[in-house]
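Before any comments, here is the structure.
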Amino acid sequence: MTRCYIGLGSNLANPAGQLRRALDAITLIPETRLIACSPFYSSAPVGPGEQPDYVNAVAALDTDLPAESLLDALQAVENRHGRERSVRWGARTLDLDILLFGNITLSTERLAVPHPRIPERNFVLVPLADLAPDLIMPDGTPLQTLLQQCPENRLQRL
């Protein structure tokens, strides 16, 4: 099995409830086991226009699925939660991102792993550190180094 980390985010339609329901749905993905979830955090939106604050978390999964098959399953969960992809970085009911997939580096038309914006997002780094404080990124960078270098963003543990 491959240990992977998934970023969860929502800022529409009861965001904390969206994340809880998404975690329930993730437990139903074949060949995949939910290991743990970080606490939930409130964060300022990153994206266009006026948006409500987000609720974010990170989940640790073990899976036997290939990365793109896991992506398909996560996007199906997003779709069942009313995810619309009309505006990049716009408000959304649910966003599920593969942050890390084992120790691999992958870049396809559909998927980049590690997620390319991990270093600039404290709403990913802080909950990831809750789950794996001693994590080393695939390029050899300690997670703690990324945390120290990350720009501040209004982040509050819920």
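Things to note:
- Residue in the stretch 136-156 that is closer than 24 Å to T27 by Cβ, of a type in the set (A, V, I, L, M, F, W, C) and either modelled with pLDDT of 95 or more or under 12 Å from the mean Cα position of the chain (by Cα) (or both) present: no
- Condition met for R117 (under 13 Å from the mean Cα position of the chain (by Cα) and open to solvent by 50 Å² or more (accessible area, probe 1.4 Å)): yes
Yes or no, residue by residue, for (1) closer than 21 Å to L71 by Cα; (2) touching a residue at least 60 places away in the same chain (Cβ under 8 Å); (3) out of contact with any Lys or Arg (no Cβ under 9 Å at 6 or more places or on another chain):
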| site | (1), (2), (3) |
| --- | --- |
| S107 | yes, no, yes |
| I118 | yes, no, yes |
| F123 | yes, yes, yes |
| V126 | no, yes, no |
| M137 | yes, no, yes |
| T141 | no, no, yes |
| Q148 | no, no, yes |
| L158 | no, yes, yes |
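- Boolean, L100 is outside any strand (DSSP E or B) and not acidic (D, E): no
- For the stretch 120-135, the criterion of a residue being more than 16 Å from R3 (Cα to Cα), modelled with pLDDT under 95 and open to solvent by 50 Å² or more (accessible area, probe 1.4 Å) is satisfied by at least one position.
- Options N11, N56: the member that is in contact (Cβ under 8 Å) with a residue 60 or more places away in the chain, touching a helix residue (DSSP H, G or I) at 6+ places or on another chain (Cβ under 8 Å), under 15 Å from R92 (Cβ atoms) and open to solvent by less than 20 Å² (accessible area, probe 1.4 Å): N56
- Matching residues in the stretch 14-27 - criterion: being free of Cβ contacts under 8 Å to residues at least 24 places away in the same chain and either in contact with a strand residue (DSSP E or B) (Cβ under 7 Å, 6 or more places away or on another chain) or of a type in the set (A, V, I, L, M, F, W, C) (or both): T27
- Residues that are open to solvent by 30 Å² or more (accessible area, probe 1.4 Å) and out of contact with any Lys or Arg (no Cβ under 9 Å at 6 or more places or on another chain), drawn from the stretch 22-36: D24, L28, P30, E31, R33, L34, A36
- Some residue of the stretch 83-101 being open to solvent by 50 Å² or more (accessible area, probe 1.4 Å), farther than 19 Å from I118 by Cα, touching a Ser or Thr at 6+ places or on another chain (Cβ under 9 Å) and modelled with pLDDT under 90: yes
The values are calculated or read from the model by the stated rules, or taken from the named source; none is laboratory data. Values in this document were obtained by computation on a predicted structure and should not be read as measured data. FYI the Cβ positions are ideal-geometry reconstructions off the backbone, even for glycines, and counts take in every protein chain you see. For the accessible areas, the whole protein counts, side chains as well, though only heavy atoms, and no ligand, DNA or RNA atoms are used. Shrake-Rupley method; radii C 1.70, N 1.55, O 1.52, S 1.80 Å.
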